[in-house]
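J.: Could you have a look at this structure, given as structure tokens, before my questions?
The values are calculated or read from the model by the stated rules, or taken from the named source; none is laboratory data. Being a predicted model, the structure only gives us computed values, none of them experimental. Cβ placement follows ideal geometry from the backbone for every residue including glycine, while neighbour counts extend to all protein chains displayed.
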Amino acid sequence: MAFCEIRRVLISDSLAPACAQILHSQGDIEVTECPGLTPQELISKIPDYDGLIVRSATKVSSDVLTAATRLKVVGRAGTGVDNVDVDSATKNGIIVMNTPTGNSISAAELTCGLILSLSRQIPQAASSMKQGKWDRKKYMGSELHGKTLGILGLGRIGKEVAVRMQSFQMRTIGYDPVIPPEVTAEFGVEQLLLEEIWEQCDYITVHTPLLPSTTGLINDAAFSKCKRGVQVINCARGGIIDESALLRALESGQCGGAGLDVFTEEPPRDRALVDHPLVISLPHLGASTHEAQNRCGEEIALQIVDLVKGRALVGAVNAPSLSKAFSPQTKPWIKLGEALGTVLFHLLPKISGEIRVTTTGDSLKNSGSFLCSAVAIGLLQSTEMKVNLVNSCLFANEVGIQMTSQHSVESVETRLEVSTEGLHLVGALSGSTPCLIQIGPSHFRSPVSLSGTVLLWAGETNIPKLLGVLSAAGSNLQTFHSSGGYSVAGISAPLSDPSPLGSCRQITL
Ligand code: NAD
Ligand code: MLT
């Protein structure tokens, strides 16, 4: 697949040295490290690169992605991809991948550190010592033992926080709309409705992504339902706890303290929360450990090497169906999908509406989604757009084509069928060569190879005339198949002018 060719990678944030070393030694990739580029500098540099690796400082905007004419992949060495315009990357056919597990432990440990710091005001007390004070009365704390911790978001980090804080004998309750209660019960978290959570918690920590549904998850209304003096922690993303509501709750005493690693604006220009005496704030340090940075740097480099070598697609956030497409066995099927799409494009004057992709045979059971993308590439070949497996179904949709896929158990033969109103194509592999078996009513007696240059037309043909045109053009007839109204000829070199052959279509596959 063309988009896997990655020769030059730009690393635009500060990353562990292992990242560049792995790319270079295992992927034979030339790496340029340029942390701290301005947006304009990045836009002017990016057209020279096939890959870009970032942490959270680089903003990979639509302007950057549009300027990135040869970019195939954006690697985010970390979890959140909110600094990457993922929709724009998809439109531009660029894979976005992250390393979702590499820094979970570090972020969980920091969260636990903030809970402990809040319970005993450790940073405030340490700072007063440095000012020469000995304030034993002022820094009276409270034990965590027996207190209730509410965890909103029980994915990777939420779970790690739960199991750690249970060792302090905290009761852990929580909420997650996706992870089932029986799963969280296995790691000691009882799931309750949010309405039940607010009133029970002494501490609440958020570990969700920032989504429209999680923005302001802890807001004025939520604070008003909490125990007076509740303490809150945000090591996820700024804005999950509404910052203005938090300030009001701190001022009124409804909130007794907050530990914040993240802010809606980073660094925050509005200092009200940072300067508040009950707030312990950090400059987004969740992933800032040697271990997490080494892990994320190594993981993103290895994922890109796997992509280059065509071994696997790991961690893609905008092309999940493609992760199944990366094995040597699937490549010829992708070629067949593209070829059938191309044949359809040449046979039908206008393509719109539903295009149904049907797979048969056990080995194609989970291949429908990426084979849909492959067929769509063939259908869209005349467009100016940079179409590939990442964006083809999206573009097809934009021009009124709905790609659908299904797996049929009616036949045990391994085949790929593409149907639209009026035309049905069936293809299969002969070895690893994509072949056509059927067009509409025409069943070919032996499979028709869909590679190289192929002439295709509806109806019988005048063979002497075909041979004459080919010989005048210096091309040879290599294969010829005709059945039930369609003819297909494989030829050795493309014709500069196929018009003497009438309605014949020349396709290069
Ligand atoms: P994850 O995907 O494993 O877990 C997130 C969970 O949130 C999911 O289980 C999801 O179902 C749940 N969720 C979604 N909407 C919800 C809602 N409305 N209410 C409750 N739960 C909801 O993610 P993760 O790896 O655990 O990361 C969690 C957060 O931490 C992310 O925002 C990530 O970007 C952030 N993070 C921050 C740092 C840091 O440096 N501070 C480091 C790593 C990750
Ligand atoms: C992440 O999402 O991985 C963290 O916020 C850490 C980081 O940005 O480096």
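J.: On the given criteria, is Gly113 within 25 Å of Asp275 (Cβ to Cβ) and within 16 Å of ligand 2 (Cβ to nearest atom)?
T.: Yes; evaluated as a whole, the condition is true for this residue.
J.: I'd like to know if region 199-209 contains one or more residues that are within 16 Å of ligand 2 (Cβ to nearest atom), in a loop (DSSP other than H, G, I, E, B) and touching a Pro at 6+ places or on another chain (Cβ under 9 Å).
T.: Scanning region 199-209 turns up no residue that is within 16 Å of ligand 2 (Cβ to nearest atom), in a loop (DSSP other than H, G, I, E, B) and touching a Pro at 6+ places or on another chain (Cβ under 9 Å).
J.: Still on this model: Consider Gly141 carefully, then state whether it is at positive phi, away from ligand 2 (no atom under 14 Å from the Cβ) and not charged (D, E, K, R).
T.: no
J.: Keeping to region 127-166, report how many residues are in a helix (DSSP H, G or I) and either touching a residue at least 12 places away in the same chain (Cβ under 8 Å) or within 16 Å of ligand 1 (Cβ to nearest atom) (or both).
T.: 11
Yes/no per residue for (1) within 15 Å of ligand 1 (Cβ to nearest atom); (2) surrounded by 16 or more Cβ atoms within 10 Å (Cβ to Cβ):
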{"position": "Ser56", "(1), (2)": "yes, yes"}
{"position": "Lys59", "(1), (2)": "no, no"}
{"position": "Val74", "(1), (2)": "no, yes"}
{"position": "Ala77", "(1), (2)": "yes, yes"}
{"position": "Gly80", "(1), (2)": "yes, yes"}
{"position": "Val84", "(1), (2)": "yes, yes"}
{"position": "Thr111", "(1), (2)": "yes, yes"}
{"position": "Ser119", "(1), (2)": "no, yes"}
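J.: Then there is this: Could you check Thr32 against (1) closer than 22 Å to Thr289 by Cβ; (2) of a type in the set (S, T, N, Q); (3) at pLDDT 95 or above and say which number it fails?
T.: (1)
J.: With the requirement that a residue be within 23 Å of the chain's Cα centre (by Cα) and of a type in the set (Lys, Arg), what does region 336-380 give you?
T.: Lys365, the sole residue that qualifies.
J.: Any idea how many residues of region 455-509 are in a strand (DSSP E or B) and on the phi > 0 side of the Ramachandran plot?
T.: 0
J.: Quickly run through region 211-236 and pick out the residues that are touching a Gly at 6+ places or on another chain (Cβ under 9 Å), within 16 Å of ligand 2 (Cβ to nearest atom) and either under 17 Å from Val279 (Cβ atoms) or hydrophobic (A, V, I, L, M, F, W, C) (or both).
T.: Scanning region 211-236 gives Ile233, Asn234, Cys235, Ala236.
J.: While we're here: I'd like the full set of residues that are over 24 Å from the mean Cα position of the chain (by Cα) and either of a type in the set (Phe, Trp, Tyr) or assigned to a strand (DSSP E or B) (or both), limited to region 381-418. Break it down stepwise before answering.
T.: Kept after step one, since they are over 24 Å from the mean Cα position of the chain (by Cα), are these residues of region 381-418: 381-384, 400, 407-418.
Selection gives His407, Ser408, Arg415, Leu416, Glu417, Val418.
J.: Also: If a residue has to be more than 16 Å from ligand 1 (Cβ to nearest atom) and farther than 15 Å from Leu114 by Cα to count, how many in region 227-254 make the cut?
T.: Matching residues across region 227-254 total 14.
J.: Only one of Asp87, Asp135, Asp82 is within 16 Å of ligand 2 (Cβ to nearest atom) and out of contact with any strand residue (DSSP E or B) (no Cβ under 6 Å at 6 or more places or on another chain); which?
T.: Asp82
J.: Just checking, does region 309-316 include any residue being at pLDDT 95 or above and β-branched (Val, Ile, Thr)?
T.: Scanning region 309-316 turns up no residue that is at pLDDT 95 or above and β-branched (Val, Ile, Thr).
J.: Here is a follow-up. Restricting attention to region 65-120, and to residues there that are part of a helix (DSSP H, G or I), among the hydroxyl-bearing types (Ser, Thr, Tyr) and farther than 22 Å from Ala18 by Cβ, which single residue is farthest from the chain's Cα centre (by Cα)?
T.: Ser119
J.: Residues in region 171-185 that are buried (at least 17 other Cβ atoms within 10 Å of the Cβ) and more than 21 Å from Ile218 (Cα to Cα): how many?
T.: Selection size over region 171-185: 1.
J.: With respect to Ala428, determine if the residue is modelled with pLDDT of 95 or more, assigned to a strand (DSSP E or B) and among the small types (Gly, Ala, Ser). Please lay out each step first, then the result.
T.: Numbers: modelled with pLDDT of 95 or more: yes; assigned to a strand (DSSP E or B): yes; among the small types (Gly, Ala, Ser): yes.
Yes.
J.: Moving on. Out of all the residues in region 173-196, is one or more in contact with a Pro (Cβ under 9 Å, 6 or more places away or on another chain) and within 16 Å of ligand 2 (Cβ to nearest atom)?
T.: Within region 173-196, none of the residues are in contact with a Pro (Cβ under 9 Å, 6 or more places away or on another chain) and within 16 Å of ligand 2 (Cβ to nearest atom).
J.: Would a scan of region 40-57 turn up a residue that is without any contact (Cβ under 8 Å) to a residue 12 or more places away in the chain and closer than 30 Å to His290 by Cβ?
T.: So far as region 40-57 goes, yes, one or more of its residues are without any contact (Cβ under 8 Å) to a residue 12 or more places away in the chain and closer than 30 Å to His290 by Cβ.
J.: Separate question: Could you tell me how many of the residues in region 33-58 are within 20 Å of the chain's Cα centre (by Cα) and farther than 25 Å from Leu322 by Cβ?
T.: 1
J.: Oh, and also: Would you check if there is a residue in region 280-289 being out of contact with any Lys or Arg (no Cβ under 9 Å at 6 or more places or on another chain) and away from ligand 1 (no atom under 16 Å from the Cβ)?
T.: No, region 280-289 contains no residue that is out of contact with any Lys or Arg (no Cβ under 9 Å at 6 or more places or on another chain) and away from ligand 1 (no atom under 16 Å from the Cβ).
J.: Among the residues of region 33-53, is there at least one that is within 16 Å of ligand 1 (Cβ to nearest atom), farther than 22 Å from Leu211 by Cβ and exposed (fewer than 15 other Cβ atoms within 10 Å of the Cβ)?
T.: So the first thing to find is which residues in region 33-53 are within 16 Å of ligand 1 (Cβ to nearest atom), and the list is none.
For region 33-53, residues within 16 Å of ligand 1 (Cβ to nearest atom), farther than 22 Å from Leu211 by Cβ and exposed (fewer than 15 other Cβ atoms within 10 Å of the Cβ): absent.
J.: Taking region 59-79, which residues are of a type outside the set (Val, Ile, Thr), more than 17 Å from Pro320 (Cα to Cα) and within 14 Å of ligand 2 (Cβ to nearest atom)?
T.: If the condition is that a residue be of a type outside the set (Val, Ile, Thr), more than 17 Å from Pro320 (Cα to Cα) and within 14 Å of ligand 2 (Cβ to nearest atom), then Lys59, Ala77, Gly78 are the ones that fit.
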